[in-house]
Amino acid sequence: MPGHNRRAFREIIRRRTNTVLVAAALVLIWISPAWAHKVFIYAWVEGDTVRVESYFGGSKKVMDSPVEVFDPSGKKLLEGRTNDQGEFSFKIPAQTDLRIVVEAGMGHRAEYTLKEADLPAGPTEAKGAEPSQGRSSEPVASPPVKPAGPEPAPAVTIPSAASASNLTADQVRAIVEKSLDTRLQPIIRTLAKMNEDHGPRLSDIIGGIGYIFGLMGLVMYFRSKRK
Amino acid sequence: MHISEGVLAAPVLLVGAALGLAGTAVGLKKLDYDRIPQVALLAAASFVASFIHVPIGPASVHLVLNGILGVMLGWVAFPAILISLFPQAIMFQFGGLTVLGVTTCNMALPAVLGYYAFSAGIRSPKPFVSGLCSFLCGFVAILLSSLAVAGCLVLTGGSFWAGAKMIVLAHIPVMFIEGFITLGCVRFLKKVKPEMLEVVYARP
């Protein structure tokens, strides 16, 4: 039997080399780093808008797919569809954890929870606490300067500066927030992506193979002890 | 072939888990312990195959190799597929632990059916009959698997009809590819190591 096998094997090697090579090449072509069947979704906040982006592993966008947003109690807050860039955005509907679910079809779905802490403070809370404090401190600080200054020039400039900052306290805040958003957006994106995106790496695959053969070894070990 | 967690309805998940458990029990009972290395090899092959994705057709899908597992393992395909799905479920969330039973059934039941339907033909000494049967075994296994996945979605809710149709269509290229892979493997084994197939035939 072994002799026959060896002869047959050599014959196959001789006759089928081309077939085997072609098959191997085809298989290698199919091995690509795109992992088709995982859907990624991430969301970040820009001003009062939540932006959602969704894609299949390997950067294929999830286009025109339904997106639903839920609050922690499971109540649906809003729904929509991704555009052809796999993006979807909506105004923050409530100051709470937002669970964003995308249905990518064919049994694929993914979700991302945007924590309440990641949302900017709501307009009502913001006006109640910080801006009023800021506004009150400035006028209080500037009037004492005015009578103390003997010369008229600084007395004129200081109130004008104070009134200017007084006028724009909210606007300055808005401008700063806006530019911070645009500046930080790539970083926030990357962070959100890193949080979610870890497709299988070669080490994972090799680890999986190792686990299967490890199981085999374990079973064989216990069998051999029993004999 | 993987269905994400949270898509399927609870009854579908429970039935899938029960069937998967039963199939695995049958498979383990039929398992000849001398064949454990062969089972592990095929489980590893099926594990790696699920990373080989086929960029042909409307969606990208991946190889499954359940036809070959069926031909070579029969019922033992159940434990082999379960073992190869487990690390995918916990490491990569390709489907999760809750859908493990359903996915095992979707992949292993067609393997077992293919085994019963085609093993006699594959054993045939006529190369044409044997080749045709091994091609069909790989082809039909994927066809049935995609139908099973589609069925699970339809059972969960009518709104999945379009997705279900899409799954079957997307797997048509995979059916042909796996048909040829199974054909190649059987021919190769028949020439090189026929006893690897014979063991299965001796102990179904």
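Observations on the structure shown:
- For the stretch B:1-158, the alpha carbon convex hull comes to 117 Å³ per residue, rounded to a whole number.
- Over all directions, the projected convex hull of the C-alpha atoms in the stretch B:65-189 averages 7.7 nm² in area.
- Crossing angle, helix B:127-156 versus chain B [Cα axis fit, 0-90 degrees, rounded to tens]: 20
- GNM top mover of B:83, B:68, B:122 - chain B, alpha-carbon springs below 10 Å: B:83
- Within-13-Å neighbourhood charge of residue A:182 [Cβ basis; K, R +1; D, E -1]: +1
- Peptide B:185-193 shows a mean partner chain C-beta count of 3 within 10 Å per residue C-beta.
- Net charge over other residues, Cβ less than 10 angstrom from the Cβ of residue A:49 (K, R count +1; D, E count -1): -1
- Pairs exceeding 23 Å between alpha-carbon atoms, taken from A:75/A:115; A:225/B:193; A:91/A:115; A:76/B:165; B:126/B:191: A:225/B:193; A:76/B:165.
Throughout, read-outs are computed from the coordinates displayed, never taken from laboratory work. Quick caveat, the model's predicted, so the values are computed rather than measured. Note that each Cβ is placed from the backbone with ideal geometry, even for glycine, and that neighbours are counted across all protein chains shown.
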